[in-house]
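Notes to accompany the following structure.
The values are calculated or read from the model by the stated rules, or taken from the named source; none is laboratory data. Predicted model only: the values in this text are computed from it and were never measured. Here the Cβ is made from the backbone with ideal geometry for all residues, glycine too, and neighbour counts use every protein chain on show.
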Amino acid sequence: MKGIVALARTHLLTSLRERVTLFWFIVFPVFLLVILTLIFGNIGRQGGMNFQVGLINLEDRAGGGPDLAGIVVEAFTAIGEPRDGKEPLFTLHRPGPGEDKQGFLTRAEEELRRGKLTAVVIIPRGFNRAILSGERAEITLYVDPTRDGSQLAAAIIREVISGIDREILVRTGRFDQERAVPVRSEPLEGGPVSFSYASFLLPGVILMAFFTAGLFGVPGAILYARDRFQLRRYWVTPLTPARYFIGFTLGQGGLCLLQFVVLFLIGEYGLGAGVDFSRPAAAAFLLLGFLTFLSFGFLIASIARTANGGMAIANILNIPLMFLGGLFFPLGELPGFLQAVVLVNPVTYIAAGLRVGLGLTKGTISPIASVLVPLGWIALSILVAARRLSWEAA
């Protein structure tokens, strides 16, 4: 037992003493967690989305009567005002007092092309007269179809204008409440329970840390020790391969536990993730992730003939498995060949199961599949490693 504990301690201390290992296994995950949260942390938070919108009212009000164009201006102005210290949804850009409106429109169109504005709303001349006389009145909306932000702003503006249309009908006495179509909102089954990017990201980065530690740390430690004939020295001692495996696993578990503690403290108290890892299901998926990635490391060590070859295989697998596993962003519609990688990728199932266990999402993957697919990879990796892993240098 002392030999197993000594080996576990040696493996952990060796990993922490090497600067490269310390950076990639501890510092880099922390850096990634902080940077991604700072960049995308406003996703899902009220006041976190802001669009630069140009608004030009060309109605001259010469005909008198109710100022229906003013209703449109008031609605957009209200949306553009900050509330409770939060950034408004729209930041409005309007002509200044006495400024030529046509000149402002020309400049706004140019700024839309250059990306400084996301949309331009134009209330045309004769807007009031057209509505009061029962004619078709249109509000012109300029967007940039090549930019997602402009398309999203356009969708929101159309919803705003739909609400304004109802208000105008009420003001002009033409709205029939009994004929209004009711709308009932229902939560989408399988959708997020509550979405905060920090809370979504923290479990993913923790799994990424476990993944890189298993994918690079395990074969690196075994293959370098084998190439330097260090493993041969172990076998002349009472330490058997089985005891070596147990001690190595304990040391790797200590490294992953340290990764978890550091990332959890920073994510919880530094970034306000608010994730409850004390749930039994969450702890079970963390353990499942650790064992899956550990077995992946042994699989690579059994396939590679040298330490450099093991690192090459790990690098080939790292990017597709990590980024097609939903660790950092929700996976949407992907091309067929990428979807195939997602379906066989154990990271996908572990990440989805962990977030369901944490109560962050309701999940779209079967709970049984979330367990069986990683277990299948563990069994396959152990089977291949048991047959192919050589303890002697080639």
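Within this structure, V356 passes the test of being over 20 Å from F298 (Cβ atoms) and not hydroxyl-bearing (S, T, Y). For the range 305-322, check the following and say yes or no: at least one residue is surrounded by 14 or more Cβ atoms within 10 Å (Cβ to Cβ), in contact (Cβ under 8 Å) with a residue 60 or more places away in the chain and more than 30 Å from E392 (Cβ to Cβ). Within the range 305-322 (the criterion being surrounded by 14 or more Cβ atoms within 10 Å (Cβ to Cβ), in contact (Cβ under 8 Å) with a residue 60 or more places away in the chain and more than 30 Å from E392 (Cβ to Cβ)), the answer is yes, since at least one residue qualifies.
The single condition from (1) more than 24 Å from V371 (Cβ to Cβ); (2) among the aliphatic types (A, V, I, L, M); (3) surrounded by 19 or more Cβ atoms within 10 Å (Cβ to Cβ); (4) out of contact with any Ser or Thr (no Cβ under 6 Å at 6 or more places or on another chain) that A273 fails is (4).
Residue by residue, here is whether (1) modelled with pLDDT of 90 or more; (2) assigned by TED's automatic domain parsing to the domain that holds S133; (3) more than 16 Å from D165 (Cβ to Cβ) holds:
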position: A62; (1), (2), (3): no, yes, yes
position: V73; (1), (2), (3): no, yes, no
position: T77; (1), (2), (3): no, yes, yes
position: G98; (1), (2), (3): no, yes, yes
position: G103; (1), (2), (3): yes, yes, yes
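Would you confirm, using the coordinates I've provided, whether V373 is part of a helix (DSSP H, G or I), modelled with pLDDT under 95 and either closer than 17 Å to F210 by Cα or among the hydrophobic types (A, V, I, L, M, F, W, C) (or both)? Taking the combined requirement at face value, the residue does not satisfy it.
Can you confirm whether the range 366-387 contains a residue that is hydroxyl-bearing (S, T, Y) and out of contact with any helix residue (DSSP H, G or I) (no Cβ under 7 Å at 6 or more places or on another chain)? Checked against the condition, which is being hydroxyl-bearing (S, T, Y) and out of contact with any helix residue (DSSP H, G or I) (no Cβ under 7 Å at 6 or more places or on another chain), the range 366-387 yields at least one hit.
Are there any pairs, at least 6 apart or on different chains, whose C-beta atoms fall under 8 Å, with the first in the range 142-169 and small (G, A, S) and the second surrounded by fewer than 18 Cβ atoms within 10 Å (Cβ to Cβ), and if so, which? Within 8 Å, the pairs are A154/L141; G163/A75. Filter the range 300-319 for residues that are of a type in the set (A, V, I, L, M) and either under 18 Å from M208 (Cα atoms) or touching an Asp or Glu at 6+ places or on another chain (Cβ under 6 Å) (or both) and give the result. Result: I300, A307, M311, I313, A314, I316, L317, I319.
Taken across the range 85-103, residues that are under 35 Å from the mean Cα position of the chain (by Cα) and in a helix (DSSP H, G or I) do not occur at all.
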